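Worksheet: the structure to be examined is printed underneath.
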Amino acid sequence: MKIVFLDAITMGDASLDEMASLGELTVYPSSTAEEARERVRDADVACLNKVIVDKAFLDAAHKLKLICEAGTGINNIDVGLCEQRGVLVKNVAGYSTDSVAQTAWMHILNLSGRAFHYNEFVHGGQYSKNVVHVDYRHPFTEIAGKTLGIIGMGAIGQKVAAIGKAFGMNVIYYSTSGTSHCKDYPSVSLDELLEKADIISIHAPYNELTAGLIGYEKFRKMKRTAYLVNTGRGGIAVEEDLAHALDDGLISGAGIDVYVREPIPEDHPFLRMEHPERLILTPHIAWYSHEARARLAHEMAENIRNCAWG
């Protein structure tokens, strides 16, 4: 069985030995569309993360039986066409739940606890020149008793909610699908969540229901003391509107890990703000813990192993 991994660079130092034990594995750090078509020509299994699977790709893949998505989202794959061609598509769900929840809380605690400011205050020498033993000009905010609003109450949203409860927060959520299947917390409308929440954390998929969900007028509904965190998908909160909302003081801060275009361009609105101190940015690393990537590699191998033809 010939297995080709077309863009394995995102796996970093995660071991692919288990996958290699299942067949003849060829690994490429990245592949252009043209390179991908050539490299998949004789493959039985194609593993990929961001490579586009379209008609041209499938036309070139004469022997292909299985596509293994190195992640959860499969927006890069024409699943309907794969079904017509008899090519199985397998993703990996749940491997990064703990990793993403931890990153969301890293942002929440940094924003509310001002760790980024205090670190600079000490390292920059301001603390050494201070007249007292504390930075009395910049107190932080307790989250106990505050309201945590979650957009998208799936597995990750529920993990983030449970941590919020442990901190003594009140939890509400908005179901982007309208199902409101989680009965552990009150389900509310989007406007109610925006108006009541002190911290909003986004954990929804990007689709026709969530694209541009929160624009400038929605930011107006939020508390001026509120924080927004997005470790879900870029584009759910309109990026340019968020930059303006932060500069205009509509909300106090935001922590963002996902973007419409990744990596972000050098002229991105987030990089041209008047008040960049109100925004914490991370480079789409919420899923990228050592443990999450190890689970991902294992589950991809399991997907290959469990195919009846394998």
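The values are calculated or read from the model by the stated rules, or taken from the named source; none is laboratory data. Note that the structure is predicted; figures quoted are calculated from it, not measured. All Cβ positions, even for glycine, are placed from backbone atoms using ideal geometry, and neighbour counts span all protein chains on display. Heavy atoms of the whole protein, side chains included, go into the accessibility calculation; ligands, DNA and RNA do not. Shrake-Rupley method; radii C 1.70, N 1.55, O 1.52, S 1.80 Å.
Miscellaneous remarks
- Per residue, in Å², the accessible surface of the chain once ligands and nucleic acids are set aside, probe 1.4 Å: 49 Å²
- Take the Cβ atoms of Ala60 and Phe116, set R0 to 35 Å, and the FRET efficiency comes out at 0.15.
- Segment 177-227: translational diffusion in µm²/s, Stokes-Einstein, Kirkwood Rh over Cα pairs, 20 °C, 1.002 mPa s: 176 µm²/s
- Restraint check, Lys50/Lys221; Lys50/Lys223; Lys165/Lys221; Lys146/Lys183; Lys50/Lys165; Lys2/Lys55, Cα-Cα greater than 27 Å: Lys50/Lys221; Lys50/Lys223; Lys50/Lys165
- Rg and Dmax of segment 225-310, both derived from C-alpha coordinates alone, stand at 17.7, 58 Å.
- Here the contact order of the chain, divided by its residue count and restricted to Cα pairs under 8 Å and six or more residues apart, works out to 17 percent.
- Distance cut-off 24 Å, percentage of C-alpha pairs in segment 162-268 lying past it: 21 percent
- Segment 83-130: projected area of the alpha-carbon convex hull, averaged over directions, in nm²: 5.9 nm²
- Over all Cα atoms in segment 29-171, the spread is summed up by Rg and Dmax: 23.9, 73 Å.
- Of all accessible heavy-atom area on segment 182-281, the percent that carbon and sulfur account for (1.4 Å): 47 percent
- In the chain, helices alone account for a calculated mean residue ellipticity at 222 nm of -9000 deg cm²/dmol, with every DSSP H run of four or more residues adding -39,500 (n - 2.57).
- Counted by Cβ distance under 10 Å from Asp198, the other residues give a net charge of +3, where Lys and Arg count +1 and Asp and Glu count -1.
- Rg/Rg_ref, the chain, where Rg_ref = 2.2 N^0.38 Å and atoms are Cα: 1.13
- Computed magnitude of the charge dipole of segment 153-212 (debye, nearest 20; Cβ of K, R +1, Cβ of D, E -1): 280 debye
- Share of carbon and sulfur in the accessible heavy-atom surface of segment 1-93 [1.4 Å probe, %]: 49 percent
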